[in-house]
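K.L.:
Dumping the structure here so I can ask a few things about it.
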């Protein structure tokens, strides 16, 4: 019989950029007692997002961060929405171009991520606030 588990994790990134949360998500998953199912993650914010990305080579994260800085620069003259500073609208653009939700299959109580894949919070603000990541797991008991 299918079961549903719901929880949250709080993440406070120390700076803008990609911050791996695979371990935090994996620990929550292990505590739920589900063998096979589907895990959904949702970032409840408009200036941060979620990515599944390369988790071995730091250069890949750096290149992604640099690319997004180029396509959404902090330049007040480019935007009308600057309510919370020069990084406000660029953060919304970066979030719109990425994802706020991920779905990951679960088998034998483990996320079915590829060899070099990790889950990342992509923080888009210079002075980030704590981020709430909602977790929903639907599956068969282990």
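K.L.:
Quickly run through the range 112-139 and pick out the residues that are closer than 13 Å to residue 29 by Cα and surrounded by fewer than 20 Cβ atoms within 10 Å (Cβ to Cβ).
P.N.:
Selection gives 112, 134, 135, 136, 138.
K.L.:
Return the residue satisfying two criteria in turn: it lies in the range 83-110 and is surrounded by 15 or more Cβ atoms within 10 Å (Cβ to Cβ), outside any strand (DSSP E or B) and in contact with a helix residue (DSSP H, G or I) (Cβ under 9 Å, 6 or more places away or on another chain), and of such residues it is modelled with the lowest pLDDT.
P.N.:
86
K.L.:
Let me ask another. Within 26 Å of residue 106 (Cβ to Cβ), free of Cβ contacts under 8 Å to residues at least 60 places away in the same chain, exposed (fewer than 12 other Cβ atoms within 10 Å of the Cβ) and more than 13 Å from the chain's Cα centre (by Cα): is that true of residue 27 in this structure?
P.N.:
Criteria met by residue 27.
K.L.:
Something else now. Out of 53, 10, 32, I need the residue that is outside any loop (DSSP other than H, G, I, E, B) and more than 17 Å from residue 125 (Cα to Cα). Which one?
P.N.:
Sole residue among the options that is outside any loop (DSSP other than H, G, I, E, B) and more than 17 Å from residue 125 (Cα to Cα): 53.
K.L.:
Could you please find all residues in the range 58-82 being touching a helix residue (DSSP H, G or I) at 6+ places or on another chain (Cβ under 9 Å) and either outside any helix (DSSP H, G or I) or buried (at least 18 other Cβ atoms within 10 Å of the Cβ) (or both)?
P.N.:
68, 72, 73, 74, 75, 79, 80, 81, 82 - these are the residues of the range 58-82 that are touching a helix residue (DSSP H, G or I) at 6+ places or on another chain (Cβ under 9 Å) and either outside any helix (DSSP H, G or I) or buried (at least 18 other Cβ atoms within 10 Å of the Cβ) (or both).
K.L.:
Quick one: is residue 127 out of contact with any helix residue (DSSP H, G or I) (no Cβ under 6 Å at 6 or more places or on another chain), in a strand (DSSP E or B) and over 21 Å from residue 22 (Cα atoms)?
P.N.:
It is false that residue 127 is out of contact with any helix residue (DSSP H, G or I) (no Cβ under 6 Å at 6 or more places or on another chain), in a strand (DSSP E or B) and over 21 Å from residue 22 (Cα atoms).
K.L.:
Using beta carbons and a limit of 7 Å, which pairs, at least six apart or on different chains, have the first residue in the range 52-79 and more than 24 Å from residue 118 (Cα to Cα) and the second one outside any helix (DSSP H, G or I)?
P.N.:
Pairs found: 74/86; 74/87; 76/82; 76/86.
The values are calculated or read from the model by the stated rules, or taken from the named source; none is laboratory data. On a predicted model such as this, the values are computed, not experimentally measured, just so you know. Backbone-built Cβ (ideal geometry, glycine too); neighbour counts: all protein chains shown.
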